[in-house]
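For reference, the structure is listed below as structure tokens.
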Amino acid sequence: MRSVALASGVAAAAFATTFSWPLSDELRRLFPQIERMLEDQSPPAAADRFLCDVTHVNDGDTLRCKDGTRVRLHAVAAREADETCSPGHPCPTATAASATAELRRLAANQTISCEQVGQSYNRVTAICWTPALVEINCAMIRSGTTLVWEKFDRQRALCRS
């Protein structure tokens, strides 16, 4: 019986969210975790989104857009091109060359969608998605060629979608 009630609550919450209807007070009280999960999936403000026609992949965590914008993948740590790691930065065991190749495979010569998270050394820090809606930051970490940079992941978590 409890699982039927939970399934009904999930269905009602999904329906309400799909049609942008507010959840009833009763559903909020019974299923607050559902609402939190749904809120976590809300899209970022349009002002934070931009398209990037990728013309160059610098290394395993940085790329350049056709308009000149340099994008640093948020919360992703890759080795430098010379195979070193900067002091205080996470240091993956994978080579810089393998991380660069993986980022090229995911993003080169594509128009990707990015959500700006901040700025770093004249670069936009962002979470980006391929045209097939693959989160590039997350895919880089899951590939094993880079590491999640926990300090920044706590500010805006990766792998949410």
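The values are calculated or read from the model by the stated rules, or taken from the named source; none is laboratory data. Not measured: the values here are computed from a predicted model. Backbone-built Cβ (ideal geometry, glycine too); neighbour counts: all protein chains shown.
Give me the residue from the stretch 46-72 that is small (G, A, S) and either at pLDDT 65 or above or touching a strand residue (DSSP E or B) at 6+ places or on another chain (Cβ under 9 Å) (or both) and, out of that set, surrounded by the most Cβ atoms within 10 Å (Cβ to Cβ).
First, the residues of the stretch 46-72 that are small (G, A, S): 46-47, 60, 68.
Right, trim to either at pLDDT 65 or above or touching a strand residue (DSSP E or B) at 6+ places or on another chain (Cβ under 9 Å) (or both) and you get 47, 60, 68.
Numbers: A47: 7, G60: 29, G68: 7.
In this case the residue turns out to be G60.
Do you know which residues across the stretch 103-161 are acidic (D, E), in contact (Cβ under 8 Å) with a residue 60 or more places away in the chain and under 21 Å from H56 (Cα atoms)? Listed by number, the list holds a single entry, E115.
Applying the set (1) free of Cβ contacts under 8 Å to residues at least 24 places away in the same chain; (2) part of a loop (DSSP other than H, G, I, E, B); (3) surrounded by 14 or more Cβ atoms within 10 Å (Cβ to Cβ) to A94 leaves exactly one unmet item: (1). Residues in the stretch 105-153 that are assigned to a loop (DSSP other than H, G, I, E, B) and either buried (at least 18 other Cβ atoms within 10 Å of the Cβ) or not assigned by TED's automatic domain parsing to the domain that holds G68 (or both): T145, T146, W149.
Scoring A75 on the criteria (1) surrounded by fewer than 14 Cβ atoms within 10 Å (Cβ to Cβ); (2) within 16 Å of S143 (Cβ to Cβ) leaves a single failure, condition (1). Test V124 against the stated conditions and say whether it is of a type in the set (A, V, I, L, M, F, W, C) and under 17 Å from R160 (Cβ atoms). In short, no.
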